[in-house]
Amino acid sequence: MSALMRLQVAASGFPVNDIVATRLLLESHVAAGLAAASAGDAASAPDLAAAERLLDAMDAPGLDPAEFLALDAAFHLALAEASGNQVVTATMAGLRSGIEGYALAGQARIADWTATSARLRAEHRGVLAAIRAADAAAARDRIHDHISGYYAEISPDPTHP
């Protein structure tokens, strides 16, 4: 728990590019692993109910960007939790404040929040669909494109990785 707390405090000071790069590594691995686990029998399939509930909550009309992005971050954490890997889950939980911080700060650079939030919801659903279809490559690619696409949209640095 103390390591998690140190990571949460440190995450506020990490360069955003480093947080995004870490997310791409971890979350691509998580999505592919969840999809692979979905290929087995129903009893061994990952429990994605929490992630699904968060997506349903993101569909609520009238959410402001801060509420939406908090649910978005919780969705990504729910996928990590569904993986069953405690280290990945703790790392994602520790990075959560940094993720929410850069996502919210960058939201001001988005010209059409309604269109962007609709796209993000569709991308989230696409990730879950690929996981449920046991398509590890699609799950990995969709989460990677989702994270890197949002970062590209909000990044003040046109040379971001």
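The values are calculated or read from the model by the stated rules, or taken from the named source; none is laboratory data. All figures in this text were calculated on a predicted structure; none of them were measured in a lab. Positions of Cβ are generated from backbone atoms using ideal geometry, with glycine treated the same way; all protein chains shown enter the neighbour counts.
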Practice item. Go through the range 99-136 and give me each residue that's in a loop (DSSP other than H, G, I, E, B) and either among the aliphatic types (A, V, I, L, M) or over 21 Å from ILE154 (Cα atoms) (or both). Key: ALA108, ILE110, ALA111, ALA133, ALA134, ASP135
Check your understanding: Quick one: in the range 59-80, which of the residues that are surrounded by fewer than 20 Cβ atoms within 10 Å (Cβ to Cβ) and in contact with an Asp or Glu (Cβ under 9 Å, 6 or more places away or on another chain) is modelled with the highest pLDDT?
Key -> ALA60
Practice item. May I ask you to verify whether ARG96 is of a type in the set (Lys, Arg), modelled with pLDDT of 90 or more and within 13 Å of the chain's Cα centre (by Cα)? Key: no
Study note, to complete from the structure: The condition from (1) modelled with pLDDT of 95 or more; (2) within 15 Å of TYR150 (Cα to Cα) that TRP113 misses is numbered (1)
Exercise for review: Please state which one of ALA137, ALA130, ALA90 is surrounded by 15 or more Cβ atoms within 10 Å (Cβ to Cβ), at pLDDT 95 or above and within 30 Å of ALA45 (Cβ to Cβ).
Suggested key: ALA130
Review point. Any idea which residue in the range 99-113 is surrounded by the most Cβ atoms within 10 Å (Cβ to Cβ), counting only those that are free of Cβ contacts under 8 Å to residues at least 60 places away in the same chain and under 12 Å from the mean Cα position of the chain (by Cα)?
Key: ALA103
Review point. Applying the selection to the range 101-110, what residues are modelled with pLDDT of 85 or more and either of a type in the set (A, V, I, L, M) or over 15 Å from GLY149 (Cβ atoms) (or both)?
Key: ALA103, LEU104, ALA105, ALA108, ILE110
